[in-house]
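Below is one structure; the comments refer to it alone.
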Amino acid sequence: MTSHHKTATVSIAPAETEAFATRLLRWFDRNGRHDLPWQHPRTPYRVWLSEIMLQQTQVKTVIPYFERFVAALPTLPALAAAAQDEVMALWSGLGYYARARNLQAAAQRCVERHDGELPRDLNALTGLPGIGRSTAAAILSQAWGDRHAILDGNVKRVLCRYHDIAGHPGLPAVEKQLWTHAESHLPDARMADYTQAQMDLGATLCTRSDPACVLCPLQDNCVARREGRVAELPTARPGKVVPQKHACILWLENSDGAVLMQRRPPTGIWASLWTLPQAEDAAASRAWFERALIGDYDAAEALPPIDHAFSHYRLRLHPLRLRGIALDRRVGDNDDLRWVMRDEFAGLGMPAPIRKLLES
DNA sequence: AAGTCGGGGCC
DNA sequence: GGCCCAGACTT
């Protein structure tokens, strides 16, 4: 523990509190992002969708997904009424697929209990699946201008530096302290702009590496800047060893050229997505094949392995390709296992590495 | 408090 | 290659 580390008790001078929001808003008017897709029009549904997509995902990545999603499902009731496969297909490639399932479940609950609209209330929003405290605050402030603090990755980074707070921001004790600071800086007006301004500052100036402090509207009061500690804040997440896992996947085609695909279970990795039949090892792969299919397993062509990295483990997929296969009549084509033609791929939610393999 | 959940951007 | 990103949820 270093001497500069702050305790949980904080006190903010009123002048400094005012300076934070005032300077940030003045900077935002000239230098903020005013042309993001969800800002025009800035409806509650579009703000909500953008906030969910932006969880752990950069703006640049989200934009094309957002445009495609709102074009297909332009309103909350449309999302609620859509087929789950359509929602998953629209999300396919974005990752963290629980976000998509929670999004639709929340939409359906809004139709049932909130007259088809997003509730304008922090606790009601937090009670919906996929919406936590920060996302609820971001929705309320941007959609209606309500006065709530957010605390996302951008704000955490800015506040850790501005107040010189050490310790990984994901730790509950540090996070609690950051919430206190975030609440203390709130302006009395312009909440939508203020919320966007914080994110813009974190995304464009107060970046993780090589921040542009000389351009920062908060540089005069930034403690880390004054103390020369900007580069070491926020404190990095403690490292962890990620395990390496393996799996065999079967790329099977029938005489029509259709590919056999399987829907994954509703929980766990790639939940509810369509993927190639997968087994833990070669023996299990062969056993499944011989139980379900008619064909010569030993004639399969081994394709180069595919390496895929998750946050908490690495996966090496070993594909086997085999053509001219038929399903055993006792197994049959059903809701969770079916032959898919190439022109149907776009309509199915598939893990990114599987889609890449099939479309290569 | 720690683990589970993707995929891509960027160094 | 590693680390992180407009986090939430489960255990």
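The numbers here are math on the coordinates, done by the rules we state, and not lab data. Since the model is a prediction, treat every value here as computed from it, not as a measurement. Glycine gets a Cβ as well: all are built from the backbone with ideal geometry, and neighbour counts include every protein chain shown.
Toward the positive end of the charge dipole of chain A, with +1 on the Cβ of Lys and Arg and -1 on the Cβ of Asp and Glu, the farthest Cα among A:Leu317, A:Leu25, A:Gln39 is that of A:Leu25. With respect to chain A, whose longest principal axis is taken over its alpha-carbon atoms, helix A:14-31 is tilted by about 60°. In sequence order, the stretch A:79-88 has phi-based couplings of 5, 4, 8, 6, 6, 4, 4, 5, 4, 5 Hz under the Karplus curve 6.51 cos²θ - 1.76 cosθ + 1.60, θ = phi - 60°, and Gly or Pro positions carry x.
As a rough footprinting exposure proxy, the listed residues A:Trp274, A:Trp251 were ranked by other beta carbons within 10 Å of their own, and the order from fewest upward is A:Trp251, A:Trp274.
Placing pseudo-labels 7 Å out from each Cα toward the beta carbon at A:Thr61 and A:Gln39 gives an inter-label distance of 2.2 nm. Dipole size of the stretch A:85-137 about its Cα centre, with +1 on Lys/Arg Cβ and -1 on Asp/Glu Cβ: approximately 240 debye, rounded to the nearest 20.
Can you give the charge dipole size of the stretch A:14-232 about its Cα centre, rounded to the nearest 20 debye, using +1 on the beta carbon of Lys and Arg and -1 on the beta carbon of Asp and Glu?
Values: 24 positive and 24 negative charges, 56 e Å.
Dipole size: approximately 260 debye.
Based on the Kirkwood approach, the hydrodynamic radius assigned to the stretch A:214-360 is 18.2 Å, with every pair of different Cα atoms included. Principal-axis analysis of the Cα atoms of chain A puts helix A:153-162 at an angle of about 30° to the longest axis. Farthest toward the positive end of the dipole of the stretch A:244-358, out of A:Val259, A:Trp270, A:Val331, is the Cα of A:Trp270, where the dipole comes from beta carbon charges about the Cα centre. Determine, from the Cβ-Cβ distance of A:Asn102 and A:Ala287 and an R0 of 35 Å, the FRET efficiency 1/(1 + (r/R0)^6), rounded to the nearest 0.05. Efficiency, rounded to the nearest 0.05: 0.50. Straight-line cross-link reach from A:Lys245 at under 15 Å between alpha-carbon atoms covers these aspartates and glutamates, not counting any fewer than eight positions away in the same chain: A:Glu280, A:Asp281, A:Asp307. Pairwise Cα distances in the stretch A:172-213 exceed 17 Å in 48 percent of cases.
Taken about its Cα centre, the stretch A:163-298 carries a charge dipole of about 320 debye when Lys and Arg each add +1 at the Cβ and Asp and Glu each add -1 at the Cβ.
Which order results if A:Val62, A:Val223 are arranged by neighbouring Cβ count within 10 Å, fewest first? Could you put the intermediate results ahead of the total?
Details: A:Val62 21, A:Val223 17.
Ascending Cβ contact count within 10 Å gives the list A:Val223, A:Val62.
Taking 1.306 mPa s as the viscosity and 10 °C as the temperature, the Stokes-Einstein diffusion coefficient of chain A based on its alpha-carbon Kirkwood radius rounds to 68 µm²/s.
Given chain A, what percent of its DSSP beta bridges are antiparallel, to the nearest 5? Percentage antiparallel, nearest 5: 65.
Pairs from the list A:Lys156/A:Lys356; A:Lys60/A:Lys356; A:Lys240/A:Lys356; A:Lys60/A:Lys240 with a Cα-Cα gap above 24 Å: A:Lys156/A:Lys356; A:Lys240/A:Lys356; A:Lys60/A:Lys240.
Taking every eigenvalue of the Cα gyration tensor of the stretch A:178-279, multiplying by 5 and rooting it, what semi-axes result, largest first, whole Å?
Values: eigenvalues 466, 78, 41 Å².
Over the Cα atoms of the stretch A:178-279, the ellipsoid semi-axes are 48, 20, 14 Å.
Distance from the Cα centroid of the stretch A:154-186 to that of the stretch A:195-232 is 13 Å (rounded to whole angstrom).
Quick one: order A:Cys160, A:Cys248, A:Cys213 by neighbouring beta-carbon count within 10 Å, fewest to most. Don't jump to the answer; show the numbers that get you there.
Numbers: A:Cys160 27, A:Cys248 23, A:Cys213 15.
Lowest to highest Cβ neighbour count: A:Cys213, A:Cys248, A:Cys160.
Residues of the stretch A:74-99 falling in the label zone of A:Asp335, defined by backbone nitrogen less than 18 Å from a point 7 Å along Cα to beta-carbon, are A:81-89.
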